[in-house]
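Sharing a structure with you now.
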């Protein structure tokens, strides 16, 4: 099928083609710092508050009673309308922006509305798209789990016995989830400088092994009540959309603190997400099978279909303070043992109530190629800090230095119909001095 063509000039390599239309929250010169929902389209954003006030949704009468959702400072109210409404709104906006579409009079021929609602991207600022009540990070990337487990326990015991039976996860800190572009301050913490010492006595200071984790994030749009699990067959109806995610990790702090309850300060100082939420429906053409699980899972995790993950081309760039950029990883988002519906079904299986705006992280996504270049963390790339990464500009890294910028990208599809996420980026700042 030929790609949708817009009357608006959209670069062929734009992540935000007419096939995408991701949703986010912006401020702009027009809005006088008032946060409002918007849709990204090429090098522009469509201000949905201005669009709705200018009768832009006049061709979608079923939405008339819900237009107040576009005056909210987050996407939670829009997300809560449910998957059928998300699809209806996205389809309508595609027709409004489509060349020769039946709604040409709504925006294409309406100069006044174009002036108020169709803004240049550079004239806007993005903000966190959702109010995040809770954030849970999973460990669904089995290649990452095996690689890291092998470092500490050897290949025979790399995976814990429970790994193939359930999606392992832990509760993270929603308060430190930040939008792409927010600087990340190097954390201080307790570090065991000499693991062989007896007795083992930690010191307190800046993290020396600051790492990245390449992940996908999933936002929820439908709650469940306390004590009422989400069935696996219904789980996809609870999913609003997806973002890129970098779960920054302090490996030396983590090593000392994680026994017996898992990571704490090593992962609560910052989690970056991309600004635009790619709707679940936009990713439908890119469904594929997740990695095969040799274990027969229990009934509450058994899916009716096999194509429950997405073939998203993910990349990670590291830019040094001197400006030299190196691509350090390329991997597909399909490298997961567990799907988001399975994560959600298991998370709620004991009766845990999930809320609109809750964020689930996939866990680090790594590939399994013999050539390398498809690993989602520096811990894996450097074999636990034993090997240097060769960077452009004759530089090297084992872990991140102050001033380093990490940029993650993700995209599906061909030029002209790309469904992408934009960037998830953060720059490392020096630690606070105690």
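The values are calculated or read from the model by the stated rules, or taken from the named source; none is laboratory data. Small disclaimer: the values here were computed from a predicted structure and weren't measured. Neighbour counts run over all protein chains shown; Cβ positions are idealised from the backbone, glycine included.
Condition test on residue 344, is it in contact (Cβ under 8 Å) with a residue 12 or more places away in the chain, touching a helix residue (DSSP H, G or I) at 6+ places or on another chain (Cβ under 7 Å) and either in a strand (DSSP E or B) or in the same structural domain as residue 230 (by TED's automatic domain parsing) (or both)?
Values: in contact (Cβ under 8 Å) with a residue 12 or more places away in the chain: yes; touching a helix residue (DSSP H, G or I) at 6+ places or on another chain (Cβ under 7 Å): yes; either in a strand (DSSP E or B) or in the same structural domain as residue 230 (by TED's automatic domain parsing) (or both): yes.
Yes; evaluated as a whole, the condition is true for this residue.
Please find, among 87, 119, 18, the residue that is part of a helix (DSSP H, G or I) and within 27 Å of the chain's Cα centre (by Cα). Working first, answer last.
Details: 119 fails: part of a helix (DSSP H, G or I); 18 fails: part of a helix (DSSP H, G or I).
Exactly one of 87, 119, 18 is part of a helix (DSSP H, G or I) and within 27 Å of the chain's Cα centre (by Cα), namely 87.
Across the range 186-201, what is the number of residues that are part of a loop (DSSP other than H, G, I, E, B) and surrounded by fewer than 16 Cβ atoms within 10 Å (Cβ to Cβ)?
So the first thing to find is which residues in the range 186-201 are part of a loop (DSSP other than H, G, I, E, B), and the list is 186-187, 192-201.
Pick out the ones that are also surrounded by fewer than 16 Cβ atoms within 10 Å (Cβ to Cβ) and you get 193-201.
Result for the range 186-201: 9.
Does any residue of the range 236-249 turn out to be in contact with a strand residue (DSSP E or B) (Cβ under 8 Å, 6 or more places away or on another chain), farther than 30 Å from residue 47 by Cα and not assigned by TED's automatic domain parsing to the domain that holds residue 40?
For the range 236-249, residues in contact with a strand residue (DSSP E or B) (Cβ under 8 Å, 6 or more places away or on another chain), farther than 30 Å from residue 47 by Cα and not assigned by TED's automatic domain parsing to the domain that holds residue 40: present.
Could you list all residues from the range 204-234 that are surrounded by fewer than 24 Cβ atoms within 10 Å (Cβ to Cβ), touching a helix residue (DSSP H, G or I) at 6+ places or on another chain (Cβ under 6 Å) and under 20 Å from residue 301 (Cα atoms)?
222, 232
Let me ask you something else. Looking at the range 297-333, which of the residues that are within 15 Å of the chain's Cα centre (by Cα) and surrounded by 21 or more Cβ atoms within 10 Å (Cβ to Cβ) is nearest to residue 417 (Cα to Cα)?
Per the criteria, the residue is 312.
Are any residues in the range 21-70 part of a loop (DSSP other than H, G, I, E, B), within 21 Å of residue 112 (Cα to Cα) and at pLDDT 95 or above, and if so, which ones?
42, 43, 54, 55, 56, 57, 58, 59, 60
Testing residue 94 on (1) farther than 30 Å from residue 133 by Cα; (2) surrounded by 23 or more Cβ atoms within 10 Å (Cβ to Cβ); (3) within 29 Å of the chain's Cα centre (by Cα), one condition comes back false. Which one is that?
Of everything listed in (1) farther than 30 Å from residue 133 by Cα; (2) surrounded by 23 or more Cβ atoms within 10 Å (Cβ to Cβ); (3) within 29 Å of the chain's Cα centre (by Cα), residue 94 misses just condition (2).
On to the next question. Does residue 144 fit the bill of being part of a helix (DSSP H, G or I), in contact with a helix residue (DSSP H, G or I) (Cβ under 9 Å, 6 or more places away or on another chain) and not assigned by TED's automatic domain parsing to the domain that holds residue 73?
Yes: the conditions hold for residue 144.
Please specify each residue of the range 122-141 satisfying the condition of being in contact with a helix residue (DSSP H, G or I) (Cβ under 7 Å, 6 or more places away or on another chain) and either over 20 Å from residue 266 (Cα atoms) or part of a strand (DSSP E or B) (or both).
Answer for the range 122-141, where residues must be in contact with a helix residue (DSSP H, G or I) (Cβ under 7 Å, 6 or more places away or on another chain) and either over 20 Å from residue 266 (Cα atoms) or part of a strand (DSSP E or B) (or both): 130, 131, 132, 133, 135, 136, 138.
Continuing with this model, one more query. Of everything in the range 236-266, what is surrounded by fewer than 20 Cβ atoms within 10 Å (Cβ to Cβ), at negative phi and in a loop (DSSP other than H, G, I, E, B)? Give them in sequence order.
Result: 258, 259, 260, 261, 263, 264, 265.
For residue 383, which of the numbered conditions (1) under 21 Å from residue 251 (Cβ atoms); (2) surrounded by fewer than 20 Cβ atoms within 10 Å (Cβ to Cβ); (3) in contact (Cβ under 8 Å) with a residue 40 or more places away in the chain; (4) touching a strand residue (DSSP E or B) at 6+ places or on another chain (Cβ under 9 Å) fails to hold?
Every condition holds for residue 383 apart from (4).
Then there's this: Going through the range 4-19 one residue at a time, which ones are in contact with a helix residue (DSSP H, G or I) (Cβ under 8 Å, 6 or more places away or on another chain) and over 14 Å from residue 121 (Cβ atoms)?
Within the range 4-19, the subset in contact with a helix residue (DSSP H, G or I) (Cβ under 8 Å, 6 or more places away or on another chain) is 4, 6-8, 18-19.
Within the range 4-19, 4, 6, 7, 18, 19 qualify.
Being free of Cβ contacts under 8 Å to residues at least 60 places away in the same chain, surrounded by 15 or more Cβ atoms within 10 Å (Cβ to Cβ) and in contact with a strand residue (DSSP E or B) (Cβ under 8 Å, 6 or more places away or on another chain): is that true of residue 388 here?
Numbers: free of Cβ contacts under 8 Å to residues at least 60 places away in the same chain: yes; surrounded by 15 or more Cβ atoms within 10 Å (Cβ to Cβ): no; in contact with a strand residue (DSSP E or B) (Cβ under 8 Å, 6 or more places away or on another chain): yes.
So residue 388 does not fit the description; no.
I'd like to know if the range 122-143 contains one or more residues that are surrounded by fewer than 20 Cβ atoms within 10 Å (Cβ to Cβ) and at pLDDT below 95.
no
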